[in-house]
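To start, the structure under review is shown below, and the notes come after it.
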Amino acid sequence: MYTERNNRPFGSVFAKIVLIVVALFILMILFPTKGFVTNYIDKKLGTTKNSNFNSNLIAMATAASGYYTDSRLPKKTDEESKMTLKEMLDQKMIVKLTDNNGISCSTKKSYVLVKRKEDEYTMKVNLTCADKTDYIILHMGLDGTQFPSTSTARCTFVKNLDEAWTYGQWSSWSTKKVEENGNIQVETSSKKVKTGTKTVTKDEITTRPANKYIYSGSKVYYVCGNRYDNPGTYEEPTNCIKKTTIYYDEPVYKTVTYYRYRTKTLENSKVDTKEANCDDESLIKNGYTKVAQN
């Protein structure tokens, strides 16, 4: 008896493999760079070109938020303070920003603009790159000391449930300003420090009686020489006057404030621990202390 052997399943699988290899070969020829693969994955994952731009924008906002503290904020309503990306780079506040193609973003057209209004401050962060231009605006009340940070860093906060806190050792005195809050105690000391000298003048007046001369045995004259400010011959007794200007160096002083501080530490282990954004002020207000950045 003749039994026919059926090879079609194997042939079908083999044919599919061949077709897949040929298709991949054609794709490699048509799209030889990895950009095709990257774009395909980005499309599937929902990643857009905006992600890098947004990261750069947030980096600028974060750096500027740390820079514009109370002493650098405009003081009058409608007063503005502008800082370009170039100035931020020059001050080492941020590193060079590039777009998705590796092209540097504009250092002149990209900027941060802080403006004081009647009831708040606004910070406009504008970023201009080759592929996109956009901006964000941050808001802060007039009683604030720093713009809200755009940082996403996470920190650990602890609260002593027994309120058993104690302060550590005082730091050394320094001219670096330290702000006091619920976790830091600050002491200040001021003293005058010599910063240099300045030249000042002082007038000294000297007087002496005029020289007396008797002429022809009876006529009396009183004479002041040319080195005096009132030279001449006088019939009445007088004083010869000489004004001298003296130059001397006078020290210049300024008042310098020194700061020292000490921080709270825990005395026992009965604490509540939370993890949150490092800029979460609500936890600080509720008695938590930031102890570590994760």
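General remarks:
- Gain in span if fully extended, Ile103 to Gln169, counting 0.36 nm per residue against the direct Cα distance: 18.7 nm
- Å² per residue, accessible surface of the range 163-206 at 1.4 Å: 79
- Zone of Glu179's modelled label, taken as backbone nitrogen in the range 51-89 under 15 Å from a point 7 Å along Cα→Cβ: 64-74
- Virtual spin-label span in nm between Val271 and Val291, 7 Å along Cα→Cβ: 0.2
- Residues Glu235 and Glu204, FRET efficiency given R0 of 30 Å [Cβ-Cβ distance, rounded to 0.05]: 0.55
- Calculated FRET efficiency, Tyr135 to Glu250, Cβ-Cβ distance, R0 = 51 Å: about 0.45 to the nearest 0.05.
- Sulfur and carbon atoms: percent of accessible area, the range 174-248 [1.4 Å]: 46
- Net charge over other residues, Cβ less than 10 angstrom from the Cβ of Thr199 (K, R count +1; D, E count -1): -1
- Difference of contour (0.36 nm per residue) and Cα-Cα distance, Lys243 to Thr263: 0.9 nm
- Listed peptides 80-90, 224-234, 191-201 appear in the order 80-90, 224-234, 191-201 once ranked by packing, highest mean of other Cβ atoms within 10 Å at the front.
- Each residue, Thr188 and Asp90, gets one label point 7 Å from its Cα in the Cβ direction; the gap between the two is 3.2 nm.
The values are calculated or read from the model by the stated rules, or taken from the named source; none is laboratory data. Please read all numbers here as calculations on a predicted model, not as lab measurements. Quick reminder, even Gly has a Cβ in these numbers, built from the backbone with ideal geometry, and neighbours come from all protein chains shown. In case anyone asks, the SASA skips ligands and DNA or RNA and just uses the protein heavy atoms, side chains included. Shrake-Rupley method; radii C 1.70, N 1.55, O 1.52, S 1.80 Å.
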